[in-house]
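Reading through the structure tokens given below for one structure.
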Amino acid sequence: MADLNITLSDTEVKALKTVAFDPLDLIQNFASERSRIAINNICNQLMTHCNNNEIAMAVGKTAQVEQAFELGLVYELDSMEEILPADLVKPEQA
């Protein structure tokens, strides 16, 4: 499990409090939901690949995500900077 830290200005926190009781809950919910979608997409890609190539598919979502990485079906974006379009490359840290 990873702990991720973000920094928001006072204005950003104040603005978030107009749409959420707890900005941290809002951010946690966003990250969890976006991760869920990514996991489902990865598992779907793996299922298609395994069915098309008659490969045994790992059991459980965690194992399936790992298998998709091992098979080279998915990559972390930061490992692909040299092939990504310039507008998708993460900005330099300020």
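The values are calculated or read from the model by the stated rules, or taken from the named source; none is laboratory data. A quick note: this is a predicted structure, and the numbers were derived from the prediction, not measured. Ideal geometry is used to build each Cβ from the backbone, glycine not excepted, and the neighbour counts take in all protein chains shown.
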### Message
Just to be sure I understand, how many residues within the stretch 25-65 are of a type in the set (Asp, Glu) and under 22 Å from Leu4 (Cα atoms)?
### Response
2
### Message
Out of everything in the stretch 9-51 that is among the acidic types (Asp, Glu) and either touching a Gly at 6+ places or on another chain (Cβ under 8 Å) or assigned to a helix (DSSP H, G or I) (or both), what residue ends up being surrounded by the most Cβ atoms within 10 Å (Cβ to Cβ)?
### Response
Glu12
### Query
What is the residue count in the stretch 52-94 for residues that are loosely packed, with under 12 Cβ neighbours inside 10 Å, at pLDDT 95 or above and assigned to a loop (DSSP other than H, G, I, E, B)?
4
### Query
What are the residue pairs meeting all of these: first residue in the stretch 17-39, first residue more than 30 Å from Phe69 (Cβ to Cβ), second residue assigned to a loop (DSSP other than H, G, I, E, B), Cβ atoms under 8 Å, and 6 or more apart or on different chains?
Pro23/Leu8; Pro23/Lys17
